[in-house]
Structures are given as C-alpha cells and as structure tokens.
Amino acid sequence: MLADQSLVLKAPRYTFGYGKKMVEETVALKSNQQIGKNIWLMEFRSTLLASHAKPGQFLMVHLGERTKDPLLRRPFSIHGIQEGDKVMILYNVVGAGTSLLSSLKEHDIISVIGPLGNGFALPRPSERAILVGGGIGLAPLFFLAQVLQKDQRNTVTLFLGFSTSQEVVRIQQLEELGVNLSLTTEDGSLGFKGIVTDLLDQRLSNKGPIKSVIYACGPPQMLKKVAQKATTLSLRSYVSLEGYMACGLGICLGCAVKAAHGETKPYYYVCQDGPVFPSGMIDWEVL
Amino acid sequence: MAVLPDLSVDIGDLKLKNPVITASGTFGYGTELTPFFDPSLLGAIIVKGLSLRPMPGNPPPRIAETPCGLLNAIGLANIGIQAFIEEKLPVLTKIEAPVITNIYGHTVKEYADLAKKIEKVEGIAAIEINISCPNVEKGGIAFGTDPDTAAAVTERVVNNTTKPVIVKLAPNVTDITTIATAVESVGAKAISVTNTILGMAVDVTTRLPKLANIVGGLSGPAIKPIALYLVHKVVAAVTIPVIGLGGIMDYRDALEFLLVGARAIQVGTANFVNPKTAIEIVHGLTDFCSREKVSNINQIIGGLKTM
C-alpha cells in the first residue's frame, strides 16, 4: 500500500515532447451497431476527448481487455462528436481486429488514446468546402461537415462514393446537417453510377467564381485523382491518409509515406505529420 | 511503518534505481511519451538506434501484425548522431534516469566513429551496440552472427569510449553463447538478450510479403519464451550482467526474466500498445516485492528453482 503511495504518478515535469493535448482513457461503450454492409458505428462518452478533438484527428483503440491477440491498438479517425461528449467511430470490419471490435456490446470497455495527429486545416471564411469521400473515407468527413455547418461560414458540398447501395450509410444524418450531398455507387444501385472522382470531374470542370478547398479521404487511387484535380484547378486540397502503425504516437516509425520530391524529409509519418496532409506533400507515384 | 523494497540494480558501474529500461526503437528519443509518465522514474532509457549519418528507413509497409507479435522492418530510420546530440540530448539530460544510446554501423569503423562522438558529450551513461545489422564489408552478413566479427565491433567501441558498453545480441545464431563469451572477452560490460527474431508474413490474396522489405524482425509476446530461453543460456555462459528483453508486457513477464538471471529488463513492443507499460512494471515489481516480503530485488534475480 505504502509502495503505491510513494510511487504515485507525478505529472511529467517536462513540457517538451508532444505539447499536444492527448489522453488515455478507459471508456464504456454507449452503443456499437452495424449500420451497413461491413460498416459499424461505435459511440462512447468522453468529455476530455470530445472537447479536444478536431476534425481529421484520430484515436488509437485497444480492443477489449488488453488482449495479446490482436496485440496492437487500431487507429480510427473520429467520425463526429454529438451531444457535447459523445464520440463516434465509423469503421469497416476488415480483419480480426475490427471483427473483435464489432463483437463488443453496450457497457463493454475499450481503452482509447487521443486525439492524435493533425486535423484538417479549416477553410477561410467564404471559401467553399468540397468534401470527397470514398467508402469508409466518409468517417472523418462527417466530423468536418459537422464543424463547418455549425460555424456556418462556408458552403459545404459533399461527394460520396460507394461500391453499392448497401454500403451507403449516415445519409440521413448528413442531410440533417444541411450539406449539399451527391452520391455515387459503382453498380448504380443508388445515385450517380460510377466512381466519385468521375462525378467530381463533371461538377468541378473549372475553377468557378468561388474559391474552393478540397478535403478528401478514401482509397489511395481516389486520393491521387483528387490531388491531380486540385493541382489542375490550382485549388488547395487536403487528404487524410491511412497507414499501418503500431503506436500512433510517433515512436514506432511504422506509418511512413513517401514525401513528394523537393520536400525536406524522405518520408512523412501518418500519425505525426498527418493523418491529414496538404496533397502536394505526398509522392503519389508510390502511394 | 513498512519499508519500501529496494529495486535498485547494478549493471557494472551503472547504478539503476530499478531494473526497468525502455528498449531501443520503442521509446523514440526519450521524451515522446512524457504526456503519459515521467521517464525519470525508470531505471534507464535507451533511445532510438543511431547511425553516423541520418537514415531514411525502408519503404512502407514497414510493419505487420502477426499472432501475439509485431513484425517490423523500419530500416533503422533515425536522425543521425549529430542531430541527436544537438537537438535531442539537451532536453534528454533533464531526465533523472541514465540515458543509454543505441548505435549501429555498416562497418567496424562506423561503430568506432560513433563511440568517439558519444565519448565527447555529457549526459550519456552507456552505449548499447546493435550488432544485428548487415556488415557491408562482409557481404551483408550481420555482425552479430559471427563471434569474431561481434568481438571486433565490440572491441573497437570499447577502445574508443570510457562509458560502459552493452552489446545487444542477435538471436538468429546457432549458439548464442559463443557470441556472448566473445564480446565479454573483449570488454563488454553487459549483454542485452535478445533483439528481434527474423520472420515473414505473406498476404495470400495479393501473394505479396506483408513487408516491403520481405523480411522483418518479430517482437512481442510471441517471442517471450524464446527470449527467456536465450537469457537462461547466456546467463550461464558469462559473468557480466545480462539484460533481458523480448515480449515483456507486464511485471510478471519481467519477473520471469529476473528469475532466470537477467539483472535488468527492457520493455519494447509493449510501449506501443500501452505507453505506460514501463512505469506500470515498476509499480508492479514494487507491489510484488512488498507482497512477497522481498526487501531487495536482487533476492529475486537468478532465483529460479529446480524441480
């Protein structure tokens, strides 16, 4: 007992290192439900996370009671904040980790570290925000749309692409936010038939009278096209990237992405330098 | 009033307040995890492996998870010794725990040059040598797989520093004890056992290796029994202290290594999963000793019983 008291964790005396606000918290799930084909929505309450989080930032989630298999935390972007302290994660069940995550029920416990990384740089007043999402890439864009719609300083246009209508989720909530929404499905089962960047090409054929900023999250091929489009039209664009990472804290150096030619570093790290990057920073040839 | 158990251990001349050390490559340059706990409370910290010049690291994917394990081929990405001394060391010296630098080179001379550079600066308590890297002068065969080469590297570092030299052994060898005794004979003050174990993983859909480098080093709980065995063997073969590591996730894992004879332990992959692991192990060991009425941790070290 005495041993415990003598070793009570002192607050670090150092202000160097990561000056950013982040917490490690154990939280009980409020809900965890399937809302589309392989797509789940998880919710929990955390005042600390909710008050510090910015759109585009992510969380490292440990699945359950410190299991050794799966061993590592999984990174998830923050899908949105509701009712002040309710944090949402929208995720695709793709492997053993997310499969285990999807089996958790209300009141089950997870450990969360966050908010991590750099979020989206918000548009300047009167700029038009064009959000482009592919599949689960919708996850961080919803949070961005929430914040932009709350501020009411920018027009928000959202292009979302899915393979099929069964994957289309969160549409009602997006409509409630009041964004201009366009949908595409590759099989044509809902909205425009084709891929989202084709629709973007049609609708954004020239620079237009209002200055726009593009925000994108989705598969690498989609992001590459968005980056090219932004370059062609001389628009600012920000992409949210994924990377295999063990820690999310800048120490494992697993989540390297090749920096564009002329950048000061050979690689950027998704967790630390991203996950949101100005698209010009990335070498799209090798992503 | 209960007396606190004494957790302090000696690694040669190096006095540690407890046997818990952070492993190279899993604790950044020492300050990244300060939002989670105060590194001054640890026995020592070993910073990211440093080379003579900055290294970009391997192309991605650099990591893959395997059952209870982590495969990595980071490629020893680091800022280089000069930038470390100029940018990282000044803040690191504020930490009230010994700072150990981990070094690696591609030639024996590079190791010697690194030792010379470190010798000139204050605030570094010891040098840990990574001998798992390819030796470009010997066709890329790792320094650590041959007793003579391992001894040659160690000797050159020892001759160029007054700081204690710790050699971190590679596990992919026929008989680790021959390497251990070879480095001991040329002046190593301690031995860290073990570095990651070479491994692979394949994506059967794409038929591609899961690492761009094809091969990587396996760490995490999956390798703990192997690491424990290697520590057991090396402890029996040398008289210098052995520092145990490989898959330590909590204080019970740490105790296993101490019982087998490790004088101290390193926490590696666990830092990625739970950044507070190292400090939780310090607490866990303190509580365990109090509970078991062990007044000094040295009473546990090497205390493995026989059936």
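The values are calculated or read from the model by the stated rules, or taken from the named source; none is laboratory data. Note that the structure is predicted; figures quoted are calculated from it, not measured. Don't worry about glycine lacking a Cβ; one is built from the backbone with ideal geometry, like all the others, and counts go over all protein chains shown. With ligands, DNA and RNA removed, areas are computed over all heavy atoms of the protein, side chains included. Shrake-Rupley method; radii C 1.70, N 1.55, O 1.52, S 1.80 Å.
Tabulated values for the structure
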| item | result |
| --- | --- |
| From A:Arg203, A:Arg170, residue being farther than 30 Å from A:Met60 by Cβ and charged (D, E, K, R) | A:Arg203 |
| Residue in segment A:67-84 that is nearest to the other protein chains (Cβ to nearest Cβ), counting only those that are outside any strand (DSSP E or B) and over 21 Å from B:Ala64 (Cβ atoms) | A:Ile78 |
| Residue in segment B:121-133 that is most open to solvent (accessible area, probe 1.4 Å), counting only those that are under 23 Å from B:Pro171 (Cβ atoms) and in contact with a strand residue (DSSP E or B) (Cβ under 6 Å, 6 or more places away or on another chain) | B:Ser132 |
| Segment B:90-105, residues that are touching a residue at least 60 places away in the same chain (Cβ under 8 Å) and either in contact with a strand residue (DSSP E or B) (Cβ under 8 Å, 6 or more places away or on another chain) or more than 14 Å from chain A (Cβ to nearest Cβ) (or both) | B:Leu92, B:Ile95, B:Ala97, B:Pro98, B:Val99, B:Ile100, B:Asn102 |
| Among the residues listed as B:Val20, B:Val9, the single one being hydrophobic (A, V, I, L, M, F, W, C) and either at the interface with another protein chain (Cβ under 9 Å from one of its Cβ atoms) or in contact with a Lys or Arg (Cβ under 6 Å, 6 or more places away or on another chain) (or both) | B:Val9 |
| Residues (within 14 Å of chain A (Cβ to nearest Cβ) and open to solvent by less than 10 Å² (accessible area, probe 1.4 Å)) located in segment B:254-271 | B:Val267, B:Ala270, B:Asn271 |
| Out of A:Ile171, A:Ile130, sole residue that is free of Cβ contacts under 8 Å to residues at least 60 places away in the same chain and more than 22 Å from A:Ala50 (Cα to Cα) | A:Ile171 |
| All positions within segment B:8-28 that are open to solvent by 10 Å² or more (accessible area, probe 1.4 Å), part of a loop (DSSP other than H, G, I, E, B) and not charged (D, E, K, R) | B:Ser8, B:Gly12, B:Ser24, B:Gly25, B:Thr26 |
| Count of segment A:237-284 residues which are more than 23 Å from A:Met60 (Cα to Cα), more than 9 Å from chain B (Cβ to nearest Cβ) and in a loop (DSSP other than H, G, I, E, B) | 7 |
| Among residues of segment A:19-42, those that are within 14 Å of chain B (Cβ to nearest Cβ), surrounded by fewer than 14 Cβ atoms within 10 Å (Cβ to Cβ) and not β-branched (Val, Ile, Thr), counted | 3 |
| Residue in segment A:217-224 that is open to solvent by less than 10 Å² (accessible area, probe 1.4 Å), touching a residue at least 40 places away in the same chain (Cβ under 8 Å) and either out of contact with any His (no Cβ under 9 Å at 6 or more places or on another chain) or part of a loop (DSSP other than H, G, I, E, B) (or both) present | yes |
| Test set (1) in a loop (DSSP other than H, G, I, E, B); (2) over 26 Å from B:Asp146 (Cα atoms); (3) within 13 Å of another protein chain (Cβ to nearest Cβ) - B:Asn58 fails condition number | (2) |
| Single residue of segment A:111-135 satisfying the filter (under 29 Å from A:Glu24 (Cβ atoms) and of a type in the set (A, V, I, L, M)) that is most open to solvent (accessible area, probe 1.4 Å) | A:Leu122 |
| Residue in segment B:186-205 that is out of contact with any Gly (no Cβ under 9 Å at 6 or more places or on another chain), free of Cβ contacts under 8 Å to residues at least 12 places away in the same chain, within 14 Å of chain A (Cβ to nearest Cβ) and assigned to a loop (DSSP other than H, G, I, E, B) present | yes |
| Subset tally (residues that are of a type outside the set (D, E, K, R), open to solvent by 10 Å² or more (accessible area, probe 1.4 Å) and in contact with an Asp or Glu (Cβ under 9 Å, 6 or more places away or on another chain)) for segment B:153-176 | 5 |
| Residue list for segment B:99-120, filter: in a loop (DSSP other than H, G, I, E, B) and open to solvent by 30 Å² or more (accessible area, probe 1.4 Å) | B:His106, B:Lys120 |
| Segment B:288-307, subset assigned to a helix (DSSP H, G or I) and without any contact (Cβ under 8 Å) to a residue 24 or more places away in the chain, residue nearest to B:Leu7 (Cα to Cα) | B:Gln299 |
| Residue list for segment A:87-110, filter: in a strand (DSSP E or B) and open to solvent by 20 Å² or more (accessible area, probe 1.4 Å) | A:Asn92, A:Ile109 |
| Filter pass, B:Ile79 being within 14 Å of chain A (Cβ to nearest Cβ), open to solvent by 30 Å² or more (accessible area, probe 1.4 Å) and among the β-branched types (Val, Ile, Thr) | yes |
| B:Thr31 within 11 Å of another protein chain (Cβ to nearest Cβ) and either buried (at least 24 other Cβ atoms within 10 Å of the Cβ) or over 14 Å from B:Val99 (Cα atoms) (or both) | no |
